[in-house]
Amino acid sequence: MTQPTPRLAAVTGRFQPFHRDHLELVEHAMTLADAVVIGITNPDERSRIADETSAHRHTDAANPFSYFDRQRIVRAALLSAGFAPDTFTIVPFPLDQPQVWGDYIPTHAVQIVRTFSPWEHRKVSLLKDGGYPVEVLAGDSATRIHATEVRRAITGGQPWEHWVPEGAAAVLRTIVRPAPADESQTKESTG
C-alpha cells in the first residue's frame, strides 16, 4: 500500500523582514497542509527585477537583508511560534525565473497569497501561469504591516519589535544596529 502524498502549501515573499502578517500567512497555510514551503523571493541581487506594479521591490533600500539573513530570521520566527522543524522548509524562490520554480517549490503546492495592491494581484497571476494552485486571501489595508515601516523604524532607532515575531526580533537584533543619532540634534536637545 502506498502512502498518500502529504499536502503541501507555500508562502512566498521578500520577507524584508519577516513580520507578523507573514507569520499569519504561514499559520493559515499550516491549516491546509501537512507541511509548508517558505519561498524567499529576490534571493540575490540579480533576481531583483523592476516591476511596474511595485516601484520599490527591486531597490537596494527595499532589500537590505541577504537571503542568508532572511532564512535565519524566518526559521527563528517559526520555531519561536511553535512550528516543528520538520513541518517547514525554507528555499530561495526567484520570481524572475519561472522556468526553475518547480525545482524549489513543487507545482502541486497550494500558494497562499494575501492581496493588498496591484503587485500581489500580479503575483497571483504569475503563480497561476506557472501552474500553481493559488488561494487568495483579501488583505485589510487598515491593519496591514508594511515592511518599509519596519525597516525605517529599525534603522531610525524607533520601536519595531511589536511588528515581528519574537524569534525574528532576536535574530534582527544581532544583524542591525540603529543609525547613531546626529550629534547636532543631541546637543540641541540637551541644551
Given axes a ≥ b ≥ c from the Cα gyration tensor, I'd like to know whether region 75-128 is rounded (a/c under 1.5), prolate (a/b larger than b/c) or oblate.
oblate
Residue span Glu135 to Glu161: 0.36 nm per residue of separation minus Cα-Cα distance leaves a gain in nm of 6.4 nm
Any residue on another chain or 5+ positions along whose placed amide H is under 5 Å from the amide H of Phe88 is listed here as Val36
Sort Lys123, Lys128 by heavy-atom solvent-accessible area, probe 1.4 angstrom, most to least.
Lys128, Lys123
With Arg144 itself left out, Lys, Arg at +1 and Asp, Glu at -1 over residues whose Cβ is under 14 Å from its Cβ give -3
Sorted by packing (mean other beta-carbon atoms within 10 Å per residue), highest first, where do 69-80, 105-116, 155-166 land?
69-80, 105-116, 155-166
Rounded to two decimal places and with Rh computed the Kirkwood way over Cα pairs, what is Rg over Rh for region 66-181?
1.00
Separation in nanometres of the label points that stand 7 Å from Cα toward Cβ, at Leu32 and Arg122:
2.3
Measuring from label point to label point, each 7 Å out along Cα→Cβ, what is the Ala61 to Val176 span in nm?
1.4
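The values are calculated or read from the model by the stated rules, or taken from the named source; none is laboratory data. Source: prediction; values computed, not measured. Here the Cβ is made from the backbone with ideal geometry for all residues, glycine too, and neighbour counts use every protein chain on show. Note: accessible area is taken over every heavy atom of the protein model, side chains too, but ligands, DNA and RNA are not part of it. Shrake-Rupley method; radii C 1.70, N 1.55, O 1.52, S 1.80 Å.
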